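Data first, discussion second: the structure below is written as structure tokens.
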Amino acid sequence: MGTLNLRSLVLAAVCILAPLVSGTVAGFYTITGVQGWYTTLNKPWFTPPDYVFGPVWTVLYLLMGISLYLVVFRGTETKSGKTGIVLFVAQLGVNLLWSGLFFGLHSPRAGLACIFVLIALIVATIVSFGRSSRPAALLLLPYLAWVLIATALNVGVVLLN
């Protein structure tokens, strides 16, 4: 295997593992909350069953990692590449923060404020990634869609409790 191929493979692994690790940490908050406090909440009628969330988030984190790889592989020397990576890291951090606020601190209201910031960061990441790699931007659209669903669920929890 050549140096470029090995570098590309390592880069892909790091890019894909970063969101998966973040998702695993978020999962610890979620599992703790779902097993206790969350079960006592009134939830909107369209709340998916609990078993759906793990597989969906796993696929989304994989897509996020591939998206990041496509941008990093094209190069981080450009302003759009650098900006996109900063936005990606920021939205990943805010995604983790949402889990900590909503499930860890049992605060749907704080989670709701946080998720609006998350949406703005995801949209900004998609726009920035689109300047470097259209496929990278498109790979983030399912994530945005799922976070919009999560936002509706979060709003429902705030209104019903």
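The values are calculated or read from the model by the stated rules, or taken from the named source; none is laboratory data. It should be emphasised that the depicted structure is a prediction, and the values quoted were computed from it without experimental measurement. Backbone-built Cβ (ideal geometry, glycine too); neighbour counts: all protein chains shown. Accessible surface is based on the protein model in full, side chains and every heavy atom, while ligands, DNA and RNA are left aside. Shrake-Rupley method; radii C 1.70, N 1.55, O 1.52, S 1.80 Å.
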**Request:** Mind checking which of Phe28, Leu153, Ile126 is farthest towards the positive end of the chain's charge dipole, using Cβ charges of +1 (Lys, Arg) and -1 (Asp, Glu) about the Cα centre?
**Result:** Ile126
**Farthest positive-ward along the chain dipole, Cα basis, beta-carbon charges - from Ala90, Pro108, Pro135** = Pro135
**Asked** Charges only on Cβ, +1 for Lys and Arg, -1 for Asp and Glu: so what's the dipole of the stretch 37-144 about the Cα centre, in debye to the nearest 20?
**Response** 280
**Request:** Normalising by the residue count of the chain, find the relative contact order in percent from Cα pairs under 8 Å and 6+ residues apart.
**Result:** 31
**Message:** Tell me the accessible surface of Leu153 in square angstrom (1.4 angstrom probe, heavy atoms of protein chains only), to the nearest ten.
**Reply:** 20
**Item:** Surface per residue (accessible, 1.4 Å probe) for the stretch 24-121, Å²
**Value:** 54
**Asked** What order do Phe73, Phe28 take when sorted by accessible area (1.4 Å probe), most exposed first?
**Response** Phe28, Phe73
**Asked** So, with a 1.4 angstrom probe, what is the percent of accessible area on the chain that is carbon and sulfur?
**Response** 74
